[in-house]
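Reviewing the structure listed below.
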Amino acid sequence: MKQPSALSQRVAYTIDALLALVLVVAVGGNLAAQTWTFLVVIPMWLAWATVAASGIAIALRRHRPLIAYGLGLGSLVPALIAGNGLAPAALLATGCALYTVALEHPRARSLIAMGLGLVVVMIFEVLRLGPNTIASTAFAGGGVAGSWALGWMTRQRRANLAQLAETQADQAVSDERLRIAREMHDVVAHSMSLIAVKAAVGNHVAEQQPEEAREALRVIELTSRETLVELRRMLGVLRSGDGTPEAALGPAPKLADLRALAERAGQAGVRVELTGEAVDDLPEGVALSVFRITQEAVTNVVKHAGPSACRVTITEGPGEMSVEIVDDGRGEGSPPAVGGHGLIGMRERVAVYGGDFEAGPLPAGGFRVFARLPYAAKEVGTR
């Protein structure tokens, strides 16, 4: 699994090339000046080959990690024998290459590579017995093991970040699907309930009262057109996904639209009384939630309570909005809806803002829905 680098590839390759150049110039300069005395004399061509292999290993490690690591181990053998400045240079190249191997290759393969490096270090340090053998072996072995550990931890961290990003993306998709499902349910359920009620009325009085039947058809036509506008707006959001003009086929409902909602409910036989003033500077999400909660509650009254009266009370408080919907219809007609999607959707909308939600039949008959949606004061007027 190839993990993306934290740096851009061009910058990373440039850093590697500069590091390789610095290593070759620094070590090669000391070789040329003959400032080092090797513990075990090796031919100069082998010393220069060791320096070149170390530089190439660093420059090549991001392109071909295993080949670069092989070059690093190859340079490490004569460097450990000769000692002095060659050993740290070769160990640096080997560690850089092993870091990349652990970062980009499976764990089993990178562990084999690390084990091979530790074997090489131990064999050639032991062959060159001396007073500092234990310390130099621990230093070289620690460099190899530490390089692998750093590469593996970086790999794990990137994998965890990638998994976290994927989880967050999945959660965002799930939240969006839930939001769209709520919107679709609120729009379709409300409109189809009105259409079903008026269609039943029209069918019942078509022969005896043709004028009332035509009025029912007019309500059905008007409700259908408004529903199409809402559906097109939501489908536009789905198609564009980024708020482009295609999504702006219709404005989202606001509290001011509650009066039109009450008129449509009245046409279905439910008299709706609105109490409270619409607030213009509410955050859009709060206003939409209050509208949808009221819409769903009134729809339930139309479907379950029969011809009745319904009172909608909207109250504005410091940093919060409350809405209460109470009807005087058949109280026993509403409880079956408690387990449906309507009340679940209302509860979910309130939960988004950490508010309170109550719904249930009243002792004297009828049904009550109450929702309180708190919001940050600083949100007011920002939309």
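The values are calculated or read from the model by the stated rules, or taken from the named source; none is laboratory data. Values in this document were obtained by computation on a predicted structure and should not be read as measured data. Backbone-built Cβ (ideal geometry, glycine too); neighbour counts: all protein chains shown. Calculation scope for accessible area: heavy atoms of the full protein, side chains included, ligands and nucleic acids excluded. Shrake-Rupley method; radii C 1.70, N 1.55, O 1.52, S 1.80 Å.
Could you check, for the range 327-340, whether at least one of its residues is under 27 Å from A196 (Cα atoms), at pLDDT 80 or above and of a type in the set (V, I, T)? First the steps, then the outcome.
Of the residues in the range 327-340, the ones under 27 Å from A196 (Cα atoms) are 327-340.
Filter once more, keeping what is at pLDDT 80 or above: 327-328.
Filter again for of a type in the set (V, I, T), leaving none.
Within the range 327-340 (the criterion being under 27 Å from A196 (Cα atoms), at pLDDT 80 or above and of a type in the set (V, I, T)), the answer is no, since none of the residues qualifies.
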- Query: Any residue at all in the range 161-169 that is at pLDDT below 75 and in a helix (DSSP H, G or I)?
  - Reply: yes
- Please go through the range 98-112 and pick out each residue that is among the small types (G, A, S) and buried (at least 24 other Cβ atoms within 10 Å of the Cβ). A102, S110
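Among A59, A52, A20, A68, which is more than 27 Å from W152 (Cβ to Cβ) and not in a loop (DSSP other than H, G, I, E, B)? Steps first, answer last, please.
On the way: A59 fails: more than 27 Å from W152 (Cβ to Cβ); A20 fails: more than 27 Å from W152 (Cβ to Cβ); A68 fails: more than 27 Å from W152 (Cβ to Cβ).
After applying the criteria, what remains is A52.
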- Task: Out of the residues in the range 339-356 that are farther than 21 Å from K303 by Cα and touching a helix residue (DSSP H, G or I) at 6+ places or on another chain (Cβ under 8 Å), state the one that is least open to solvent (accessible area, probe 1.4 Å).
- Result: V350
- Query: Are any of the residues in the range 359-370 over 28 Å from E215 (Cβ atoms), modelled with pLDDT of 80 or more, among the small types (G, A, S) and not in a strand (DSSP E or B)?
  - Reply: yes
- Message: Return the pair list, or none, for Cβ contacts closer than 9 Å from residues in the range 51-73 that are crowded, with 18+ Cβ neighbours inside 10 Å to residues that are among the acidic types (D, E), at least 6 apart or on different chains.
- Response: I58/D16; A59/D16; L60/D16; R61/D16; R62/D16; R62/E104; P65/E104
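Looking at the structure I just gave you, is A17 touching a residue at least 40 places away in the same chain (Cβ under 8 Å), open to solvent by 20 Å² or more (accessible area, probe 1.4 Å), of a type in the set (G, A, S) and out of contact with any Leu (no Cβ under 9 Å at 6 or more places or on another chain)? Can you show your working first?
Values: touching a residue at least 40 places away in the same chain (Cβ under 8 Å): yes; open to solvent by 20 Å² or more (accessible area, probe 1.4 Å): yes; of a type in the set (G, A, S): yes; out of contact with any Leu (no Cβ under 9 Å at 6 or more places or on another chain): yes.
Yes: the conditions hold for A17.
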- Query: Of the residues in the range 301-330, how many are under 17 Å from G366 (Cβ atoms), open to solvent by 20 Å² or more (accessible area, probe 1.4 Å) and in contact (Cβ under 8 Å) with a residue 40 or more places away in the chain?
  - Reply: 4
- Item | Residues located in the range 113-124, provided they are β-branched (V, I, T) and open to solvent by less than 60 Å² (accessible area, probe 1.4 Å) | V120, V121
